[in-house]
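> Quick one: the structure is below, questions incoming.
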Amino acid sequence: MSYKILIVEDDAVIAEEIAHHLARWNLETAIVKDFSQVMTEFTNQSPSLVLLDISLPFYNGYYWCGEIRKVSKVPVIFLSSASENMNIVMAMNMGGDDFIAKPFHFDVLSAKIQAMLRRAYSFAGQTNLLEHRGVLLNLSNASLEVEGNKVELTKNEFRILQILFEHKGETVRREEIMKHLWDGDCFVDDNTLAVNMARLRKKLQEEHLADFILTKKGIGYQLGD
């Protein structure tokens, strides 16, 4: 599995050094440039882990961690030159998973990231939440969460999203989706799939996710990047 690290650090030199070092560990990175649009970048990048500085322009790291926690359980590691106990307590209370005080050794940083990724994703196949672009599909109650809003789904809508989430980055053939929708003796044909897909897309559009499901003409569907 490949992992992407989102670096939210306003010191451009440090951010680039972190990215360069993590590349040696085959970790993909994305660096936030516009610190008023951290959540937009988070949604667009759909990272596996976030490195988050506390002192940032516009809003501090505590604020952004709170915003991330409204839509995602992705691991967050705080970076800060302020290592007093109160800062560490605040970081953990806001939903952070770890805290690294500056200055840090890059090997220590990468070791902590690797350990966090192992803990977070070793049992990914058993999780009750699937995530894409900050949108959460809850397998336990068959619902969708968009920016903290719960979207109710029909059984077929949920099953369509489930197979697309489980194969994100891939095109899922219509035949595979129809087979996934079969329930006992209930046969699902191409027209039934089209009707269910249209209703699902309407719900997504109401949540400003018009391009969340893409049609691959003559083949099937996939989640939009």
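We did not get these values from a lab; they are worked out from the coordinates using the rules stated. As the structure is a prediction and not an experimental result, all values here were calculated from the model. Glycine also receives a Cβ, built like all others from the backbone with ideal geometry; neighbour counts cover every protein chain displayed.
> So between Trp25 and Thr154, what do we pick up on full extension, going 0.36 nm a residue minus the alpha carbon distance? All intermediate terms of the calculation are to be shown ahead of the outcome.
On the way: separation 129, 0.36 × 129 = 46.44 nm, distance 4.22 nm.
Gain in length upon complete extension: 42.2 nm.
> Over 19 Å between Cα atoms, which of Lys73/Lys179; Lys73/Lys150; Lys150/Lys179; Lys4/Lys102; Lys4/Lys150; Lys179/Lys202 qualify?
In this structure, Lys73/Lys179; Lys150/Lys179; Lys4/Lys102; Lys4/Lys150; Lys179/Lys202 lie more than 19 Å apart at Cα.
> Here's something else I'd like to know. With unit charges on the beta carbons (Lys and Arg positive, Asp and Glu negative) and the dipole taken about the Cα centre of the chain, which residue among Tyr59, Leu204, Ile5 sits farthest to the positive side?
The Cα lying farthest towards the positive end belongs to Leu204.
> Label-point separation (nm) for Phe58 and Leu129, each offset 7 Å from Cα along Cα-to-Cβ?
It works out to 2.3 nm between the two label points.
> Using a 10 Å cut-off around each Cβ, can you sort Met92, Met178 from fewest to most neighbouring Cβ atoms?
The order, fewest Cβ neighbours first, is Met92, Met178.
> From the square roots a ≥ b ≥ c of the eigenvalues of the alpha-carbon gyration tensor of the stretch 1-117, which class results: rounded (a/c under 1.5), prolate (a/b over b/c), or oblate?
In terms of gyration-tensor shape, rounded.
> Which of the helices in the chain, when you take each full DSSP H run, stretch at least 15 Å along the axis at their Cα atoms and have an average Kyte-Doolittle score of 0.5 or higher?
Counting only whole DSSP H runs, the qualifying helices are 12-23.
> Here is a follow-up. So, R0 is 22 Å and r is the distance between the beta-carbons of Asn44 and Asp10; what FRET efficiency does that work out to, to 0.05?
So the FRET efficiency works out to roughly 0.70.
> Right, something else. Quick check: residue separation of Arg119 and Glu207 times 0.36 nm, minus the Cα distance between them. What number comes out in nm?
Values: separation 88, 0.36 × 88 = 31.68 nm, distance 3.18 nm.
Result: 28.5 nm gained on full extension.
> Under the rule of -39500 (n - 2.57) per DSSP H run of 4 or more residues, summed and divided by the residues of the chain, what mean residue ellipticity at 222 nm is obtained, to the nearest 500 deg cm²/dmol?
On the way: 8 runs with 93 residues, N = 225.
Dividing the helical sum by the residues of the chain leaves -12500 deg cm²/dmol.
> On to the next question. By how many nm would the segment from Phe106 to Ser143 lengthen if fully extended, with 0.36 nm per residue of separation less the alpha-carbon distance?
Answer, rounded to one decimal: 9.3 nm.
> If you add up the charges near Asn138, with Lys and Arg at +1 and Asp and Glu at -1, over every other residue whose beta carbon is less than 12 angstrom from its beta carbon, what do you get?
Taking every other residue near Asn138 into account, the sum is -1.
> Between (i) -0.29, -0.70, -0.79, -0.88; (ii) -0.32, -0.72, -0.80, -0.89; (iii) -0.34, -0.80, -0.90, -0.99, which entry matches log10 I(q)/I(0) by the Debye sum over Cα atoms at q = 0.08, 0.13, 0.14, 0.15 Å⁻¹ as derived from the coordinates of this structure?
(iii)
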